[in-house]
Structures are given as structure tokens and as C-alpha cells.
Amino acid sequence: MDDRVLGRTGRKVSVVGLGTWQLGADWGAVREQDAFEVLDAAVAGGVTFFDTADVYGDGRSEQLIGRYLRERPDSGVFVATKMGRRAEQLPEHYVLDNFRAWNDRSRRNLGVDRLDLVQLHCPPGPVYADDAVFDALDTLMAEERIAGYGVSVETCDQALAAIARPGTASVQIILNPFRLKPLEQVLPAAEQAGVGIIARVPLASGLLSGRYTRDTVFGADDHRSYNRHGEAFDQGETFSGIDFETGIAAAAEFAALAPAGATPAQTALRWIIQQPGVSSVIPGARSAAQAQANAAAAALPPLTGPTLDGIRDLYDSRIRAHVHDRW
């Protein structure tokens, strides 16, 4: 497992991390035993970076990670969490008093005095232009509540605004073979500024694993059932904003591009890893086997010209017209 410096944090993290939304909620039920097996398998595979948020299962994801780290104090895992979605999404809620309260809760959940990295969790657009918001984040650092801060974003314009802030350590953005727009400006700008890029939704909510068909039925408590059109939160979080049938057809073509010895999911992760400027990619996993397979993608050889060309051609011919301009 290769390590890369996570932007302005100055800390090294594994190039394949672990996203832990699914350990909290919105992906169907995950038992505690299964959650700890996922965390164990990821660490055994060389993962040293967990990404979570205070709203994943109303803190359950953070709490599980906190218990795991207390039981394995030598794991060396860097934990990034997020804040801001516990309140109504209004710019006036992004103030220092709320930041302190949210920070206190996350530190209790994770069992730490100082958070490795806290990220604003896809905040409203006006937040990016508000100097007071970033002054408040600087205050959290001065108070040694956090070691660094970043922003998780929905759009490329938001990413560029966050990168322009001198204190931003990292930007988390959706990047996968079905979402290529960040390659145009965001990754080059981040690399030039020394800002880390955390690639999320790397498998397009599982589409790129090649496991699903048009007849697949997801549980009622799975966002892939209830958020296909943005009913609960931003539509881009579910299948990268692509309608399910289009995604299924494109995923079948993508699977055919996977080189020998690699699954479609590992091919997608390998593609992200080799994009210049990416610090870490954070696939989720609901089983130890999935966590092991995701981590193993880091050891695959780089994808070659024909595969890379095929991915670009697939995007241009099948996906581009279905991705909203803002993404």
C-alpha cells in the first residue's frame, strides 16, 4: 500500500482509504460485528485512513471507529470526519459556537482530544465566500481542537473556492470513471496549491462494481432506493447523479475494460489512484471481503493506454450527456 501526503496536513495516508458512511446508515443495516470486521480487514490490507461524519447514523460511524481505535491504539489510523449537516442547511448556522459544539460531539464520539481533520460537509454555496467561516475554522486549530480542516464539496466550482482558501488542507470530491469533470481544473488547482484530494463515491454507489442489474432491488433503508432523484439529499451522492438504467448499461461496458486479474471495482479504484493530484480514494465496504479487495487495488499495476482510452470513450459516449453541468 502506497502512502501519500494529504495536502496541507503534512500527514501521510494510505492511497486507498475506507469510507465509513455505510457503517452508520443509509446503506442498509450493518451489524457491529460486521463493522469491526470491515475496519480490521481494511487495516490488515494497509489502510491508514478512515473517513466518517457526525451524521452517519447520527454518530454511530464515529462511535464505532472510536471504539475500534481504543481497542487497537497502535493501528496508526488517520481519521477525517465532517460537520455541518446536523443543522438546517442555512449559511447562518456556520458559526464558531456551532462549530465548537459539533466538534465537541465528534471528539467525544471518537474518543480523542483533537481531530486529525474536520471537513465542512457539503455546505451551502454562500459559505465558501464567507471569511468568518474560515476564521472560525482557524480558531478551532488555534484552540487545538483540530489538526487541520478541509471541505467536502458537491461541485467543481465549490472545490475551486475551497482550494483558494489558504488554510484548506484538503478537498473531498466525487471522482470516478463516470464523473470526470474534476480532472479538468480541480485536480490541477489542488496539486498546484498543495491541497489534498480525497476521492469519494469512487464506485458510483456500487454501479462500477458490475454487481447490479436493472432488476436489482435495494432495501427501503438504502439511499439507492430513496434518493435516486435527490429526494433526501443531493442527487449526485447516489449513483453519481446518473439515472440507474443508464448507469447499469454503462457499467456493463466498463466491466469489459477490466484487465486480467482485476475486478471492475478494483479497476475503477486503480484509475482514480493514478490521477495526478489524488491523495486517497475512500471506497466503502460492508464486508471484510470487500474491504480486502478494495485495499488490494493499490497493488495493481497502472492501467495502460487502451484501458484508459476505453474509459474516456465510454464516458464521452454513454455518460457525459447524463451528468448535470454543475457536476
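The values are calculated or read from the model by the stated rules, or taken from the named source; none is laboratory data. Since we're looking at a predicted model, the values are computed, not measured. Positions of Cβ are backbone-derived with ideal geometry, glycine not excepted, and every protein chain shown enters the neighbour counts. Just the protein is used for accessible areas: all its heavy atoms, side chains included, with ligands, DNA and RNA removed. Shrake-Rupley method; radii C 1.70, N 1.55, O 1.52, S 1.80 Å.
Of all positions in the range 27-41, at least one carries a residue that is more than 15 Å from S75 (Cβ to Cβ) and under 15 Å from the mean Cα position of the chain (by Cα).
Among the residues making up the range 298-327, those that are within 30 Å of D157 (Cβ to Cβ), among the hydrophobic types (A, V, I, L, M, F, W, C) and not in a loop (DSSP other than H, G, I, E, B) are L308, I311, L314, I319, A321. Considered as a group, the residues in the range 140-167 that are open to solvent by less than 10 Å² (accessible area, probe 1.4 Å) and either in contact with a Lys or Arg (Cβ under 7 Å, 6 or more places away or on another chain) or of a type in the set (K, R) (or both) include one that is farthest from Q119 (Cα to Cα), and that residue is I146. Considering (1) touching a Phe, Trp or Tyr at 6+ places or on another chain (Cβ under 8 Å); (2) crowded, with 22+ Cβ neighbours inside 10 Å, the lone condition that R11 does not fulfil carries the number (2).
Conditions tested, residue by residue: (1) open to solvent by 10 Å² or more (accessible area, probe 1.4 Å); (2) more than 21 Å from V151 (Cβ to Cβ); (3) in contact with a helix residue (DSSP H, G or I) (Cβ under 7 Å, 6 or more places away or on another chain).
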{"position": "G17", "(1), (2), (3)": "no, no, no"}
{"position": "G28", "(1), (2), (3)": "yes, yes, no"}
{"position": "Q33", "(1), (2), (3)": "yes, yes, no"}
{"position": "F36", "(1), (2), (3)": "yes, yes, yes"}
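Pairing residues of the range 266-283 that are at positive phi with residues that are not in a strand (DSSP E or B), at Cβ distances under 6 Å and at least 6 apart in sequence or on separate chains, gives G277/L187; G277/A190; G277/E191. Residues that are at pLDDT 95 or above and either small (G, A, S) or not in a helix (DSSP H, G or I) (or both) within the range 59-79 comprise G59, S61, G66, V77, F78, V79, listed in sequence order.
I'm told V133 meets every condition in (1) in contact with a Leu (Cβ under 8 Å, 6 or more places away or on another chain); (2) not in a helix (DSSP H, G or I) except one. Can you identify the failing condition by its number? With respect to (1) in contact with a Leu (Cβ under 8 Å, 6 or more places away or on another chain); (2) not in a helix (DSSP H, G or I), V133 is out only on (2). Only one of the numbered conditions (1) modelled with pLDDT of 95 or more; (2) under 23 Å from A199 (Cα atoms); (3) open to solvent by less than 30 Å² (accessible area, probe 1.4 Å) is violated by D2, and that is (3). Considering (1) of a type in the set (G, A, S); (2) under 25 Å from F233 (Cβ atoms); (3) touching a Ser or Thr at 6+ places or on another chain (Cβ under 7 Å), the lone condition that G59 does not fulfil carries the number (3). Can you pull out every residue in the range 213-226 that is in a loop (DSSP other than H, G, I, E, B) and either touching a residue at least 40 places away in the same chain (Cβ under 8 Å) or small (G, A, S) (or both)? F218, G219, A220, D221 - these are the residues of the range 213-226 that are in a loop (DSSP other than H, G, I, E, B) and either touching a residue at least 40 places away in the same chain (Cβ under 8 Å) or small (G, A, S) (or both).
Please go through the range 110-136 and pick out each residue that is among the aliphatic types (A, V, I, L, M) and either in contact with a Ser or Thr (Cβ under 9 Å, 6 or more places away or on another chain) or open to solvent by 20 Å² or more (accessible area, probe 1.4 Å) (or both).
Residues of the range 110-136 among the aliphatic types (A, V, I, L, M): 110, 112, 115, 117-118, 120, 127, 129, 132-133, 136.
Scanning the range 110-136 gives L110, V112, L115, L117, V118, L120, A129, A132.
When the range 140-199 is filtered for residues that are more than 13 Å from the chain's Cα centre (by Cα), hydrophobic (A, V, I, L, M, F, W, C) and not in a helix (DSSP H, G or I), the ones remaining, listed by number, are I146, A147, A164, A169, F178, L180, V195.
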